[in-house]
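The values are calculated or read from the model by the stated rules, or taken from the named source; none is laboratory data. Please read these numbers as outputs of a predicted model, since none were measured by experiment. Note that each Cβ is placed from the backbone with ideal geometry, even for glycine, and that neighbours are counted across all protein chains shown. The area values use the complete protein model at the heavy-atom level, side chains included, leaving out ligands, DNA and RNA. Shrake-Rupley method; radii C 1.70, N 1.55, O 1.52, S 1.80 Å.
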2 protein chains.
Amino acid sequence: MSKASREKKRDPKASLTLLWGEQEQPRRGPKPSLTAERIVAGAVAIADAEGLDAVSMQRVAADLGVTTMALYRYFPGKAELTDLMVDSALGVPSEAVAEAHGWRAGLTEWARQCWALYRRHPWILTATAMRRQLMGPNQLAWLDAALNALAPAGLTAAQQHDTVLLIIGHIRSLAQQLVHADEEGNEEWNRLAGEVLERHGHRFPALAAAIAAGAFDPHGGDPLDFGLDRILDGIAHLIDHP
Amino acid sequence: MSKASREKKRDPKASLTLLWGEQEQPRRGPKPSLTAERIVAGAVAIADAEGLDAVSMQRVAADLGVTTMALYRYFPGKAELTDLMVDSALGVPSEAVAEAHGWRAGLTEWARQCWALYRRHPWILTATAMRRQLMGPNQLAWLDAALNALAPAGLTAAQQHDTVLLIIGHIRSLAQQLVHADEEGNEEWNRLAGEVLERHGHRFPALAAAIAAGAFDPHGGDPLDFGLDRILDGIAHLIDHP
DNA sequence: CAGAACTGTGTATCGGATACGCAATTGAGT
DNA sequence: ACTCAATTGCGTATCCGATACACAGTTCTG
C-alpha cells in the first residue's frame, strides 16, 4: 500500500508555519473560498471514514467542491496537508490526566486517552510512520501532559523523556497490530496461519508449545494493559532503585 | 510518502505459498530466466541501498535485465514481492540467543539482534507497518527464538505472547524514531524545533522544564537499553509477584 | 510431431502528484 | 472611480508506478 512516486519532499518549515498559524494574510486578490482548516477537516473526515489511502488531493478537492489544483493555494504539497491532518486529529488530552493523583495514575490515564485516539484514527499511525514528528501545537500538548504527569516521580529529565517515548511506542505498536483484528478477512488469515503451523510447526518447538498452550487465543481484557503495567512496574522499580 | 493508487490487495495465500516454497514446478515451457529468490535479492539490495521507495517493479526489473512485466510471472503483484523481501531480510537469530543463561539474558540478546536487524534494514519497518505480519519461515524463527528464551521464566502462555509483542513493539518504535537521527537535514529540523519552542514553549510548562533540564539532549548509551531494562524489570516483577 | 503450457515482451490504461499559465477578482494608491 | 499588481480557482499537461492483455517464441507431453 505504500508508494513514493511523484512526491516532493516535505517542507518542515512550511508545515510549522501552517501549524502555528503564523502566516501573513494576503491583502489583495479574490477572497479565498476555503481555509486551510476546512481542507484539513475534510481530509480528516475522509481518512476517518475510508482510510488514509482514500485521501488524495483529487478526492479532498472534490469533496470540497473545488478542483485539485485549488488546494495548492493553501498547501505547498500533500505532505504539508498530511502534517496538518495529524495535528488536527490529535486534539488535546483531557483534564483527567492532570487531575490524576500520582505519576502512575496520571500516566495510565494519559496512555488510555492516547490509545483511544489511535483506535479512533488509526490512519495517524500510517501518516506518522517513518517520519520525524513535527512539533505541532497538539503534539506538544500531549507531550507536555505526559511529562507533567511524570514530574512527581523524581526521575532525571532524560529518564522522563525516555519513559514517555517508551510508552508511546507501546501504544503505537499495539494499535498497529490491532488495526487488522477487527477487519473482515480475519477468519481467512487465521485459517491460513493455522495451516502453515500445521505443516511447519514442528520446526519451531517453542512456538508450537506456546500455541498449544493457547498463547495466541484471544484473551479478554484490554490488550493495552499488559504492556502498560509491565512498563510502569519497571518505572516504579527504577524510582525505588535508582 | 505513502500512496495507494493502482495496487491490488495482497494475496496472503499466494505469499505463503511462495514463502514456504510450496509451488509445483511447471513441466513445460521455456526455462525461466530468473528465480523468485534472485528477484527478491535484487529488490532487497535496492531497498538497502536506496530505501523502500526506490523499489519499483520497473527498477527491480531493470536491475535484473528484464522488462517490468516479466516479474509478474514470478509474483502476482508487488505486495507479494514485498512480503518475500521482508522474510528474506529477516534472516534468523543467531545461536547466541538459545545459548544465553536465563530468560533475561536470552531475551536481551534476542532484542539486541532484532534491533541490529532493524537498524540494518530500516525499510522493513515501512514494509510491515500497518499490515498483518505474514507467517514466513524467518518470521517464525524469530518468534520461536524469543518464546524459547522466555520459556524458563514460568509465565503463562498468554503472558509469554504479550511479553514478546511488547518487546518487539519497543524495538520497532525506537528503530522508527531513530531512522532520521542519522540523516542529513537533522540540523535543520533541530533548529526549527528550537525556534518553535522559543516562540510557544511557555504554553507547555512541563515540556519547557524538561527541555531546560536537558531531556532532549543526546545522551550516550544505546537508546534501546532504557526501555528494554524497564520492560524486563517489569517482567521480572511479574514473575516474582504473579 | 502437434499442441498445450509457459516465458518474456510490447503496449495500453488507470490513477496520483504537481508544474504552468490563464482569466477573473479585489484592494491600494492615484 | 480607475488602474494595476497580488492573488485565486481552474484547465491542461507531464511524469511515474502498477498492472491488465495479447502476442510470439520455447519446451515438454502424448
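Rolling a 1.4 Å probe across the protein heavy atoms gives segment A:21-132 an accessible surface of 52 Å² per residue.
In chain A, the calculated helix contribution to ellipticity at 222 nm averages -19500 deg cm²/dmol per residue, counting -39,500 (n - 2.57) for every DSSP H run with n ≥ 4. Overall, the accessible surface of segment A:12-89 at a probe of 1.4 angstrom is composed of carbon and sulfur to the extent of 51 percent. Shape class for the protein assembly as shown, computed from the alpha carbon gyration tensor (a ≥ b ≥ c): oblate, with a/c not under 1.5 and a/b at or below b/c. Note on B:38-46: average number of Cβ atoms from other chains within 10 Å of each residue's Cβ is 0. Relative to the longest principal axis of the Cα atoms of chain B, the long axis of helix B:186-200 makes an angle of roughly 40 degrees. Shielding value for A:189-198 is 4, the average number of Cβ atoms from other chains within 10 Å of each residue's Cβ.
Across identical copies of the chain, B:Asp182 has label-point separations of 3.7 nm, listed in ascending order, with the point defined 7 angstrom from Cα along Cα→Cβ. Result for chain B in a Gaussian network model with C-alpha springs under 10 Å: among B:Leu197, B:Leu16, B:Leu228, the largest mean-square fluctuation is at B:Leu197. For the residues of A:212-218, the average number of beta carbons from a partner chain within 10 Å of their own beta carbon is 4. Helix A:78-90 and the long axis of chain A differ in direction by around 60°, with both axes built from C-alpha atoms. Between copies, the label points at A:Asp229 (set 7 angstrom from Cα along Cα-to-Cβ) are spaced 2.5 nm, reported in nanometres from shortest to longest. Phi angles across segment B:125-133 convert, under the Karplus curve 6.51 cos²θ - 1.76 cosθ + 1.60 with θ = phi - 60°, into 3J(HN,Hα) values of 4, 5, 5, 10, 6, 6, 9, 4, 6 Hz, Gly and Pro given as x. Tell me whether segment A:12-89 comes out rounded, prolate or oblate; compute the Cα gyration tensor, take square roots of the eigenvalues as a ≥ b ≥ c, and use a/c under 1.5 as the rounded threshold. Note, shape of segment A:12-89 comes out oblate. Relative to the longest principal axis of the Cα atoms of chain B, the long axis of helix B:103-120 makes an angle of roughly 60 degrees.
Between the C-alpha center of segment B:176-219 and that of segment A:140-165 there is a gap of 14 Å.
Sparse packing (at most 16 other Cβ atoms within 10 Å of the Cβ) combined with a DSSP loop state is found for the following GluC sites (Glu not before Pro) in segment A:40-95: A:Glu95.
When A:Arg203 is represented by a point 7 angstrom out along its Cα-to-C-beta vector, the spacings to that point in the other copies are 5.4 nm, nearest first.
Rolling a 1.4 Å probe over the heavy atoms of the protein chains gives segment A:156-242 an accessible area of 48 Å² per residue. If you count Lys pairs in the protein assembly as shown whose Cα atoms are under 21 Å apart, skipping same-chain pairs closer than 8 places in sequence, the total is 15. Put simply, chains B and A cover up around 7100 Å² of each other's accessible surface, both sides summed, when a 1.4 Å probe is used.
Taking segment B:10-47 and a reference point 7 angstrom along Cα→Cβ of B:Ala70, the backbone N atoms nearer than 16 Å belong to B:30-43.
Label segment A:90-134 by shape, choosing from rounded, prolate and oblate, from the square roots a ≥ b ≥ c of the eigenvalues of the Cα gyration tensor; if a/c is under 1.5 it is rounded, and otherwise prolate applies when a/b is larger than b/c, oblate when it is not. Since a/c reaches 1.5 and a/b is larger than b/c, the shape of segment A:90-134 is classed as prolate.
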